[in-house]
Each structure stands twice: as structure tokens, then as C-alpha cells.
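Since the structure comes first, as C-alpha cells, the remarks are kept for the end.
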Amino acid sequence: QVQLVESGGGLVQPGGSLRLSCAASGSIFGFSVMSWYRQPPGKAREMVASMTSSLTSYYLDSVKGRITISRDNVKKTVTLQMNSLKPEDTAVYYCNLRAIGNNAWGRGTQVTVSS
């Protein structure tokens, strides 16, 4: 059973930076697609960034150039470096792992961008 635990959320001023981390358990991390999703207040969940096992990355258009996803297959972690944060980035951020037979979610971490 895969378990994902996010960390690194918090309150930051507009223009600031945050780094989110997600630690995974289990043996399939290296074969999985790792993604970060977010759910703003009152809105649907959306994918922010994703990285395949071959390190190909994909980004939501509105975060390109500001947010970077990375992964460490040895440590089984995926990181989201967020720079130049905007109030519209405020959301609960969730880590997701997808692999054959697995679709796991973390509990989420709150990111609030406000002055």
C-alpha cells in the first residue's frame, strides 16, 4: 500500500517562495508518474505539475516559469519549488502517485498567498 505525506505548506506573501515535499512509501515509486494537484477554495482540483518516471515534466500554463517539479527516485520524494507566488496560487496542494494498479493521494498541505 502506497502512502504519501506532504510537507512544506504555509503562509507566504505575494512574490514569495515555498517548497513542498512529498515522501512516498512502497516499492513502485520509480515506475510511477508523480504529480502535484491543487484545489483552490470553492473550485475543482487541478493538476499543477507532473513528472514521469523518465523525468518528463508537464505544467499548468498559469504556473509555467514559476513552479518546478523534481523527483528523487532513491529517496522516493517529489518536490514542488514555487516562486513568485500569487494570491491565486492559494489552495490545498496534494501529492499524487499513479502507476499500474495504483492511484494514491496524500492528505494535502495548505498554501496561502496573502499580504
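Could you tell me the number of lysine pairs in the chain with C-alpha atoms less than 28 Å from each other, where the two lysines are 8 or more residues apart or belong to different chains? Step by step, the pairs that qualify in the chain add up to 5. Return the whole-Å distance between the Cα centroid of the stretch 90-111 and the Cα centroid of the stretch 1-74. Result: 8 Å between the Cα centres. Extension gain for A23-N102 works out to 26.8 nm (0.36 nm per residue, less the C-alpha to C-alpha distance). Which part of the stretch 9-25 falls in the paramagnetic zone of S57, meaning amide N under 20 Å from the point 7 Å along Cα-to-beta-carbon? Label zone hits: 9-10, 15-24. The mean accessible area for residues of the stretch 68-115, using a 1.4 Å probe and ignoring ligands and nucleic acids, is 52 Å² per residue.
Using only the Cα atoms, what convex hull volume per residue in Å³ does the stretch 1-96 have?
92 Å³
Here the stretch 73-102 is scanned for amide nitrogen atoms under 17 Å from the site 7 Å beyond the Cα of S115 along Cα-to-Cβ, giving 84-90.
The values are calculated or read from the model by the stated rules, or taken from the named source; none is laboratory data. Computed from a predicted model, the values in this text were never measured in an experiment. Neighbour counts run over all protein chains shown; Cβ positions are idealised from the backbone, glycine included. These area figures cover heavy atoms from the full protein model, side chains too; ligands, DNA and RNA do not enter into them. Shrake-Rupley method; radii C 1.70, N 1.55, O 1.52, S 1.80 Å.
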